[in-house]
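Okay, so here's the structure we're looking at.
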Amino acid sequence: MTQGKGVNRREVLVAIPTLAAAQAFRGLPRQEPTPVAVASSNGLKAVEEAVRRMEAGVLPVEAAVAGVSLVEEDPEDVTVGYGGLPNEDGVVQLDAAVMDGVTMRAGAVAALEGIKHPSQVALTVMRRTTRVLLVGAGAKKFALAHGFKEENLLTERARKIWLYWKENAATNDDWLPDPKAVEDPDIRWFIEKHGDSYFRPTGTIHLSAVDAQGRVGCCTTTSGLFFKLSGRVGDSPLVGCGLYCDSEVGSAGATGHGESNIIVVGAHTVVEFMRQGKTPEEACLATLERVVRATREPYLKDPQGRPKNNLILYAVNVHGEVGAASIWSGTKYAVARKGRPAELRECAYLFVRPKRSP
Ligand code: GLY
């Protein structure tokens with residue numbers, strides 16, 4: 001039976017304590033100086049920029065995009081935007097999303113080609129459409145209509161690394177590896193940084209931000225899993241997975257193995273754990289424990305039954321407390337806060353990362 005404006009009595013009874021809890025959460029005294037921004041370890045300059053923007057009065061979601069844009073245009077970061085490593089066909093396909101915790105609006109793009117700043121296109125989707133997610137050719141058409149410039153995103157370094165991977169991926173195909181390739185400084189750099197990786201290399205930047213009024217916003221942007229299947233979309237542009245925020249509680253996001261995160265709807269789960277009273281770090285760890293429980297297929301597990309892939313979660317609450325956690329040890333995250341220099345901190349973790357075998 002419904003009441004008044006079509007609201008179910010039971011829904012009202014359930015909603016009242018939830019609303020009261022949210023108001024009580026926000027009503028707690030601010031514990032740390034704000035603005036504050038938290039990001040993945042490649043986001044040191046991004047968090048600094050986001051805090052600077054928020055101090056100037058820019059909304060957290062816009063400050064987050066300004067911060068990650070610095071990384072998107074940096075060809076040295078092969079995990080995001082321009083210079084990002086391509087998919088298996090040698091094509092750079094980018095995913096990004098933004099969310100504003102004040103209005104609970106979001107915008108996202110996936111498998112976007114030829115546009116350097118997918119985070120800015122995602123922000124435009126949020127501002128200039130009534131929709132949330134645009135993909136592929138439609139996302140590109142939308143970006144071009146809004147004045148974004150089409151560019152070749154595949155740098156020479158990324159092309160050489162992709163070709164090296166392609167030529168060495170199998171021994172029974174038609175590609176012959178160049179025996180001199182390993183002497184190339186770009187290939188050497190890739191082999192030293194990622195060639196012996198215990199995990200399938202991924203990279204992404206997530207940034208969550210809270211301003212002095214307790215408004216929150218976030219952004220995640222990536223070129224995705226290295227040499228991914230053409231058209232593969234990970235967690236980054238999926239609201240609730242790669243990012244989520246609510247100005248009643250805080251903000252969270254993820255980097256790492258996207259498929260592990262999609263299964264537990266990670267960022268939303270972190271925010272809901274914080275709503276229930278967990279600190280940001282506790283909320284990230286509790287969500288990662290769910291990932292471990294949800295990792296059931298043998299091909300995803302190591303001989304001890306633990307996830308073979310890594311996932312890192314980052315969070316901040318409206319009181320300015322930050323935290324991050326990773327399935328495996330050895331990961332850092334970036335934090336910048338009003339009045340303090342940006343710094344890298346160790347993530348909490350569930351398991352000690354095994355040393356690679358010689
Ligand atoms: N977390 C980035 C990806 O899996 O694409």
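Show the residues, 5+ positions off or on another chain, whose built amide H is closer than 5 Å to the amide H of residue 257.
310, 311, 312
Rounded, prolate or oblate: which fits segment 72-117 when a ≥ b ≥ c are the square roots of the eigenvalues of the alpha-carbon gyration tensor, with rounded for a/c under 1.5 and prolate only if a/b beats b/c?
Because a/c hits 1.5 or more and a/b exceeds b/c, segment 72-117 counts as prolate.
Net charge within 14 Å of residue 343 by Cβ-Cβ distance, Lys/Arg positive one each and Asp/Glu negative one each, not counting residue 343 itself?
Summing Lys and Arg as +1 and Asp and Glu as -1 gives +3.
Could you check the simple spin-label distance between residue 159 and residue 299, using points 7 Å along Cα→Cβ, in nm with one decimal?
3.3
At R0 = 22 Å, how high is the FRET efficiency between residue 167 and residue 353 if r is their beta carbon distance? Nearest 0.05 is fine.
Efficiency, from the Cβ-Cβ distance: 0.15.
Below 8 Å between Cα atoms, with a sequence gap of 6+, how large is the relative contact order for the chain in percent?
22
Could you work out what % of the accessible surface of segment 44-107 is carbon and sulfur, using a 1.4 angstrom probe and leaving DNA, RNA and ligands out of the count?
Summing carbon and sulfur atoms, their accessible area is 48 percent of the total for segment 44-107.
Tell me, how many Å apart are the Cα centres for segment 282-334 and for segment 43-115?
22
Quick one: what Rg and Dmax do you get for segment 74-167 from the alpha carbons, in Å?
14.0, 49
Quick one: accessible surface of residue 186, probe radius 1.4 Å, all protein chains present, in square angstrom to the nearest 10.
Its accessible surface works out to 40 Å², give or take rounding.
Can you tell me the accessible area per residue over segment 80-141, all protein chains present, probe 1.4 angstrom, in square angstrom?
Heavy-atom accessible area per residue stands at 35 Å².
Hey, if you put +1 on the Cβ of every Lys and Arg and -1 on every Asp and Glu Cβ in segment 91-233, which of 233, 132, 97 ends up farthest toward the positive end of that dipole?
Going by the Cα projections, it comes out as 132.
For the chain, state the semi-axes of the equivalent ellipsoid (square roots of 5 times the eigenvalues of the alpha-carbon gyration tensor), sorted largest first and rounded to whole angstrom.
Each semi-axis is √(5λ); the values are 35, 23, 20 Å.
For segment 164-250, with every protein chain kept in place, what is the accessible area per residue (1.4 Å probe, Å²)?
Ligands and nucleic acids excluded, the result is 43 Å² per residue.
At a 1.4 Å probe radius, carbon and sulfur cover how many percent of the accessible area of segment 111-229?
52
In deg cm²/dmol, rounded to 500, what helix-only [θ] at 222 nm does the chain give when every DSSP H run of at least 4 residues adds -39500 (n - 2.57) and the total is split over its residues?
After summing the helix terms and dividing by the residues of the chain, the value is -10000 deg cm²/dmol.
Label segment 243-284 by shape, choosing from rounded, prolate and oblate, from the square roots a ≥ b ≥ c of the eigenvalues of the Cα gyration tensor; if a/c is under 1.5 it is rounded, and otherwise prolate applies when a/b is larger than b/c, oblate when it is not.
prolate
Can you give me the long-range amide H partners of residue 87? Hydrogens built in the peptide plane at 1.01 Å from N, cutoff under 5 Å, separation of 5 or more residues or another chain.
Residues meeting the amide H criterion: 92, 93.
Treating only the Cβ of Lys, Arg, Asp and Glu as charged (+1, +1, -1, -1), what charge dipole size does segment 160-231 show about its Cα centre? Round to the nearest 20 debye.
About 340 debye.
Among bridges DSSP assigns within the chain, what percent are antiparallel (round to 5)?
If I count the DSSP bridges inside the chain, around 90 percent turn out antiparallel.
Pop out the ³J(HN,Hα) list for segment 253-267 in order, Karplus 6.51 cos²θ - 1.76 cosθ + 1.60 with θ = phi - 60°, rounded to Hz; leave Gly and Pro as x.
Rounded to whole hertz, the list is x, 9, 9, x, 6, x, 5, 5, 6, 4, 4, 9, 6, x, 5.
For a test of the definition: using alpha carbon positions, the gyration tensor, and the 1.5 limit on a/c, classify segment 146-287 as rounded, prolate or oblate.
It is prolate, given that a/c is not under 1.5 and a/b is the larger ratio.
The values are calculated or read from the model by the stated rules, or taken from the named source; none is laboratory data. Please read these numbers as outputs of a predicted model, since none were measured by experiment. All Cβ positions, even for glycine, are placed from backbone atoms using ideal geometry, and neighbour counts span all protein chains on display. All accessible areas refer to the heavy atoms of the entire protein, side chains included, with ligands and DNA or RNA removed. Shrake-Rupley method; radii C 1.70, N 1.55, O 1.52, S 1.80 Å.
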